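Inspection log for the structure reproduced underneath, given as structure tokens.
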Amino acid sequence: TLQDSTFKDNSANVATITASATPPVIQSFTPFTQVWGGYFNGSSYVNVPDSTTFTMGSGDFTLECWVNLTTISGSQMLIGTCDSGGSQGSMSFVLNVNSGTPRIGVGYGGTMYFATAASAITANTWVHIAGVRNGASVYIYVNGVQSTALNMGSLAITDSTQIVAIGRNGAGNFEYLTGYISNLRITKGVAVYTGAFT
């Protein structure tokens, strides 16, 4: 989603995407008139209902997008699966920027485990962020630079029953994003990146 002028799932799944009361603003980015994305103002978000599409189990998967944060502070969620109370036990996966540092979190046994980038990103700069599970290993990639692996072995991550939200943490009224997201993609069953890339 966030790759053309409407909020829609451009995959074969065609999931229904719902925007918050004050939705993100979808716009093209100059001078790239064919590059689209959404501006999230710190209280806007979009979400998709839970489905088996988001049950990752012990398989490979990839969460990715381009992001440009206008502020770097606290935890800002790109993709999240939390309940309204903030319970770690309700979360299967998250992709966020925590005090400027990108990370991917996966849930197991009521706890979230994180692979964290080696350094923080800069505000008002476009970066590509990807969280990947490749076999036993979970990585975060920032502009193609691979983090140290989080070893999950053959463990199946939590199967969350929560919505998948973009711009905040699932059903939780917190960890809102301030900035832009473009070309967000969730790929189940495939580690799209298996090493450093350009």
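Observations
- Any hit, the stretch 132-143, residues being under 24 Å from ILE17 (Cα atoms) and part of a loop (DSSP other than H, G, I, E, B): no
- Selection within the stretch 73-129: residues that are touching a Phe, Trp or Tyr at 6+ places or on another chain (Cβ under 9 Å) and of a type in the set (Val, Ile, Thr). The member of this set that is farthest from ASN47 (Cα to Cα) is VAL127.
- Pick from the stretch 91-126, criterion of a type in the set (Val, Ile, Thr) and open to solvent by 10 Å² or more (accessible area, probe 1.4 Å), ranking: nearest to ASN68 (Cα to Cα): THR125
- VAL25 being touching a residue at least 60 places away in the same chain (Cβ under 8 Å) and either within 16 Å of the chain's Cα centre (by Cα) or open to solvent by 40 Å² or more (accessible area, probe 1.4 Å) (or both): no
- The set of residues from the stretch 144-161 being part of a loop (DSSP other than H, G, I, E, B), open to solvent by 40 Å² or more (accessible area, probe 1.4 Å) and in contact (Cβ under 8 Å) with a residue 40 or more places away in the chain comprises SER154, LEU155, ALA156, ASP159, THR161.
- Only one of GLY179, GLY172, GLY189, GLY135 that is on the phi > 0 side of the Ramachandran plot and open to solvent by less than 30 Å² (accessible area, probe 1.4 Å): GLY179
The values are calculated or read from the model by the stated rules, or taken from the named source; none is laboratory data. What you see is a predicted model, and the numbers here were worked out from it, not measured in a lab. Cβ: placed from backbone, ideal geometry, glycine included. Neighbour counts: every protein chain shown. Side chains are part of the model used for accessible areas, which takes the heavy atoms of the whole protein and leaves out ligands, DNA and RNA. Shrake-Rupley method; radii C 1.70, N 1.55, O 1.52, S 1.80 Å.
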